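Here is the structure we will look at.
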Amino acid sequence: MSAAIVAICVLVPAVEAFDTWDQTLRDGNDTEATLVIAAVCVGFALSIGATALLARLWAALAAPRVRLTPRFANPLAATRHVRPTATDSSPPFTLRI
């Protein structure tokens, strides 16, 4: 597809330079230039689409699939196995029974 677009953009102006069947300056009708402009627009749209597709693919491939840190339902569940530190003072009066 891209080879056809490049061929149109290169060969059509060459054909325009050597044609003798139309008088572009007199009648203002230049179908070859219209074809080149259409080919450039299609090529531009294809390149933007391919760039957007590649960007989405790279983003999908770069996203981590496996989460290495565990999720806990209870935020305090991670601290259950922590040993309390010994202190020399007694607990506050409100905690005594």
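For the pair A55 and A3, label points projected 7 Å from Cα toward Cβ lie 3.0 nm apart. Place a point 7 Å from Cα of A33 in the direction of its Cβ. Which residues in the stretch 1-25 have their backbone N less than 17 Å from it? Correct set: 9-25. Under 5 Å between amide hydrogens, built in the peptide plane, is the criterion, and for D22 it picks out nothing among residues at least 5 positions away or on other chains. Only the Cβ atoms of Lys and Arg (+1) and of Asp and Glu (-1) were treated as charged; on that basis the dipole of the stretch 2-62 about its Cα centre amounts to roughly 480 debye.
Read-outs: derived from the displayed coordinates by stated rules, not from any lab. This is a predicted model, so every value here is computed, not measured. Glycine gets a Cβ as well: all are built from the backbone with ideal geometry, and neighbour counts include every protein chain shown.
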